[in-house]
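Notes to accompany the following structure.
The values are calculated or read from the model by the stated rules, or taken from the named source; none is laboratory data. The model shown is predicted, which means the values in this text are computed figures rather than measured ones. Using ideal geometry, Cβ is built from the backbone for each residue, glycine included, and neighbour counts are taken over all protein chains shown. All accessible areas refer to the heavy atoms of the entire protein, side chains included, with ligands and DNA or RNA removed. Shrake-Rupley method; radii C 1.70, N 1.55, O 1.52, S 1.80 Å.
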Amino acid sequence: MILKLWQLVKKFPTPLLLLSLSIVCVALPVHSTELTPENFKSSIASGLWFIEHFSPYCGHCRAFAPTWEELVEKNKEGSAEATGVKLAQVNCAVHGDLCSANDVKGYPQMNLYNNGELVESFKGARDLERLTEFLKRHAPTALSPSSVSEIVQEEASHSSTPNFSGSVLILDGSNFQSAIEEGPAFVKFFAPWCGHCKKLAPTWKNLARTMQSKLTIAEVDCEAHKALCKENNIQGFPTLVYIADGSRTEYSGGRKIEQLTDFANKASTSNAQPISSDELEKYVSAESLIYVLLYPSSDRKLLPFLRPLFSSLLGSPMVYTIADPPQSMKSRFSIPSASAWAIVALKDHDSTTPSAVYLASTSASSSQHDDSTLEHIKTWLLHNRLPTTIELTQDSFQSVMNSPARPLVVLAAVTPTLKVKVQERIEEIGRKWRTRTQGSGMLGINGEERPVVFAWMDIEKWKDWMKSMYGITYKGTLELDDVEVVIADHKALIYYNTDHSGSSIRLTSSQDIFSALDDIAQDQILPKNSENLIERAARYLNNKLQSIESYIINHPKHIAFFVVVAILLVVYAIRKALADEPMDRDYVRMGKGKADRLD
């Protein structure tokens, strides 16, 4: 019998035998009881059972196998860490009907059973810490029906609480979408080989502990899940993205725990805090920029209507709401009685002169409020959120220089010894500018209102960058009169450092700065480029290529039409070229001879 079997096996090709053996090995359960349709019900009829439903052909299952093995070892009878829950597996490639009966939707799926009844399916990141915590939350002995119900209710409450465990949620293609649909999440996209990512790792874990029960802190390994990171347009590592209500905002601030925590708290906190009219002065004094919503309490649909827009601000600035404001406050902000509600922007601790006011003529209940209205309000919120004065640092640079409002930034290069004097001077110039513009701080350029921001930057720290961008050179110790000033349009990568007469812009004279701004508005001075000719040409070509790529993606039918037309033209050209080709000489002579004979 054995001899015949050996002769039969010898007939199979060696590669096929090796492949079959590898599949069988992969399909073997990992040191835990394997359940089949014959013993499944009888095995789980008594006690708590945690069952992994897997397929040996599933990549996620193979990746999870070492973690499951560790979990099995920790829960072996007699182990000091044993939870009293029995672990087993079901091979769905072999026992598909059993997995279908257990309502298995994907692999690996882990179900918890008590005395033969399904308690719940495990949801969340499949790491050892979370799995162990999940098992420990359940009693190590058989549960009564009432305790099962309590556990289900407890798990339901836990599932509605973000970051219940205070640990980083591991995301991949199987759980990414469901995780961000459950609520706001702060996600780190990283690569294991990236030095900055390794440095950030302990801080990210600390952030997860700090934001426990407040905000989901998650991460995606882009080396293991390249397709997912490509879908999210990840260009470098680490990339930190705040995702909420379908919108994504890339975090560009500092990576210290204090800075990350401050951002996460602001972003996850409700951005519409109700206050009384008497409290407004307190908040204006405490913050350099706030939005204030003034509305009638009878318009109950307004706050739900506006809340997604306020959330998109990520707490910067904060929004305060005052219901039924007194007439004196409306008069102070020049809000007409015909306005249904209004949003007021207050800057520079000034509670009397708003920098901007959004007036709504209809209530939120009106049918006139549609998607275009929402987009208009969102644009207003984003364009008026810039401060009048600010120090540009690594944390604040992106939010100012790359703002969608496309500000003109009056930038002074300062040394640490002059920083206090320059700040005082710039804040004074900022106040004068707001007075000059009736509080708006805007400059009209080609029919567009653009904000002007007055800023200063440490030239000792950023000397190479300031020299390459604006031609500002570090000269050591400076006096206030020596401080170099440029007016930067960073979005366009251009800047101005003189007025129309060619005189340098001086920080000591606000009139110099205002005259230069007026010249820019009237197109009386030519800008200088922050890029050299080669860099500008490269950027131009890159923009054109991106435009072509975008057109191809957005208009596939047009591209298909052009391709078909091009093919037809090529075919036509080839056929025409062949038709116009001269006949063979011998054939011509032969034809000529025949013609002669006919004559």
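Being surrounded by 15 or more Cβ atoms within 10 Å (Cβ to Cβ) and either among the hydroxyl-bearing types (Ser, Thr, Tyr) or modelled with pLDDT of 95 or more (or both) is the filter here, so list the residues in segment 458-470 that pass it.
Once the filter is applied, which keeps residues that are surrounded by 15 or more Cβ atoms within 10 Å (Cβ to Cβ) and either among the hydroxyl-bearing types (Ser, Thr, Tyr) or modelled with pLDDT of 95 or more (or both), segment 458-470 yields only 470.
Name every residue in segment 252-271 that is modelled with pLDDT of 85 or more, closer than 21 Å to residue 400 by Cβ and open to solvent by 30 Å² or more (accessible area, probe 1.4 Å), in order of residue number.
Listed by number, the residues that qualify are 255, 256, 258, 259, 262, 263.
When you go through 77, 73 one by one, which is the residue that is part of a helix (DSSP H, G or I) and more than 33 Å from the chain's Cα centre (by Cα)?
Details: 77 fails: part of a helix (DSSP H, G or I).
Every option except 73 fails the conditions.
Looking at segment 495-527, which of the residues that are polar (S, T, N, Q), out of contact with any Ser or Thr (no Cβ under 8 Å at 6 or more places or on another chain) and within 24 Å of residue 457 (Cα to Cα) is surrounded by the most Cβ atoms within 10 Å (Cβ to Cβ)? Lay out the reasoning, then the answer.
Residues of segment 495-527 polar (S, T, N, Q): 497-498, 501, 503-504, 508-511, 515, 522, 524.
Restricting the remaining residues to those that are out of contact with any Ser or Thr (no Cβ under 8 Å at 6 or more places or on another chain) gives 501, 503, 508-511, 515, 522, 524.
Still in the list and also within 24 Å of residue 457 (Cα to Cα): 503, 508-511, 515.
On the way: 503: 12, 508: 13, 509: 14, 510: 19, 511: 9, 515: 17.
Among residues in segment 495-527 that are polar (S, T, N, Q), out of contact with any Ser or Thr (no Cβ under 8 Å at 6 or more places or on another chain) and within 24 Å of residue 457 (Cα to Cα), the one surrounded by the most Cβ atoms within 10 Å (Cβ to Cβ) is 510.
Looking only at segment 408-434, which residues are assigned to a strand (DSSP E or B) and more than 17 Å from residue 514 (Cα to Cα)?
Those that are assigned to a strand (DSSP E or B) and more than 17 Å from residue 514 (Cα to Cα): 413, 414.
Table: residues versus (1) at pLDDT below 90; (2) over 19 Å from residue 433 (Cβ atoms); (3) not in a helix (DSSP H, G or I).
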site: 477; (1), (2), (3): yes, yes, yes
site: 487; (1), (2), (3): no, no, yes
site: 513; (1), (2), (3): no, no, no
site: 538; (1), (2), (3): yes, yes, no
site: 546; (1), (2), (3): yes, yes, no
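Could you pull out the residue among 165, 159, 144 that is open to solvent by 70 Å² or more (accessible area, probe 1.4 Å) and at pLDDT below 85?
Details: 165 fails: open to solvent by 70 Å² or more (accessible area, probe 1.4 Å); 144 fails: open to solvent by 70 Å² or more (accessible area, probe 1.4 Å).
Of 165, 159, 144, the one residue that is open to solvent by 70 Å² or more (accessible area, probe 1.4 Å) and at pLDDT below 85 is 159.
With the checklist (1) modelled with pLDDT of 90 or more; (2) open to solvent by 20 Å² or more (accessible area, probe 1.4 Å) in hand, flag the one item residue 240 doesn't pass.
Going through the list (1) modelled with pLDDT of 90 or more; (2) open to solvent by 20 Å² or more (accessible area, probe 1.4 Å), residue 240 breaks only (2).
Which one is surrounded by the most Cβ atoms within 10 Å (Cβ to Cβ) among residues in segment 297-308 that are in a helix (DSSP H, G or I) and more than 17 Å from the chain's Cα centre (by Cα)? Steps first, answer last, please.
Here is the first cut: in segment 297-308, the residues in a helix (DSSP H, G or I) are 302-308.
Pick out the ones that are also more than 17 Å from the chain's Cα centre (by Cα) and you get 302-307.
Numbers: 302: 22, 303: 16, 304: 9, 305: 17, 306: 25, 307: 15.
It comes out as 306.
What number goes with the only condition from (1) surrounded by 13 or more Cβ atoms within 10 Å (Cβ to Cβ); (2) at pLDDT 90 or above; (3) in a loop (DSSP other than H, G, I, E, B) that residue 233 does not pass?
(1)
Hey, does segment 484-494 have a residue that's in contact (Cβ under 8 Å) with a residue 24 or more places away in the chain, surrounded by fewer than 13 Cβ atoms within 10 Å (Cβ to Cβ) and within 25 Å of residue 415 (Cα to Cα)?
no
Looking at 213, 178, can you tell me which residue is open to solvent by less than 70 Å² (accessible area, probe 1.4 Å), closer than 27 Å to residue 319 by Cβ and among the polar types (S, T, N, Q)?
Values: 178 fails: closer than 27 Å to residue 319 by Cβ.
Exactly one residue qualifies, and that residue is 213.
Identify, please: which residue in segment 64-111 is hydroxyl-bearing (Ser, Thr, Tyr) and either open to solvent by 50 Å² or more (accessible area, probe 1.4 Å) or touching a residue at least 60 places away in the same chain (Cβ under 8 Å) (or both) and is, among those, nearest to residue 129 (Cα to Cα)? I'd like the intermediate steps shown before the answer.
So the first thing to find is which residues in segment 64-111 are hydroxyl-bearing (Ser, Thr, Tyr), and the list is 67, 79, 83, 100, 107.
Of the ones still in play, those that are also either open to solvent by 50 Å² or more (accessible area, probe 1.4 Å) or touching a residue at least 60 places away in the same chain (Cβ under 8 Å) (or both) are 67, 100, 107.
Values: 67: 10, 100: 29, 107: 20 Å.
Out of the qualifying residues, it is 67.
Going residue by residue through segment 528-535, is there one that turns out to be surrounded by 13 or more Cβ atoms within 10 Å (Cβ to Cβ), modelled with pLDDT of 90 or more and among the basic types (Lys, Arg)?
There is at least one residue in segment 528-535 that is surrounded by 13 or more Cβ atoms within 10 Å (Cβ to Cβ), modelled with pLDDT of 90 or more and among the basic types (Lys, Arg).
May I ask you to say which residue of 183, 195 is more than 28 Å from residue 404 (Cα to Cα) and either over 19 Å from the mean Cα position of the chain (by Cα) or in contact (Cβ under 8 Å) with a residue 60 or more places away in the chain (or both)? If you could, list the steps in order and put the result at the bottom.
Values: 183 fails: more than 28 Å from residue 404 (Cα to Cα).
That would be 195, the only listed residue that is more than 28 Å from residue 404 (Cα to Cα) and either over 19 Å from the mean Cα position of the chain (by Cα) or in contact (Cβ under 8 Å) with a residue 60 or more places away in the chain (or both).
What is the residue count in segment 336-352 for residues that are over 14 Å from residue 280 (Cβ atoms) and surrounded by fewer than 20 Cβ atoms within 10 Å (Cβ to Cβ)?
6
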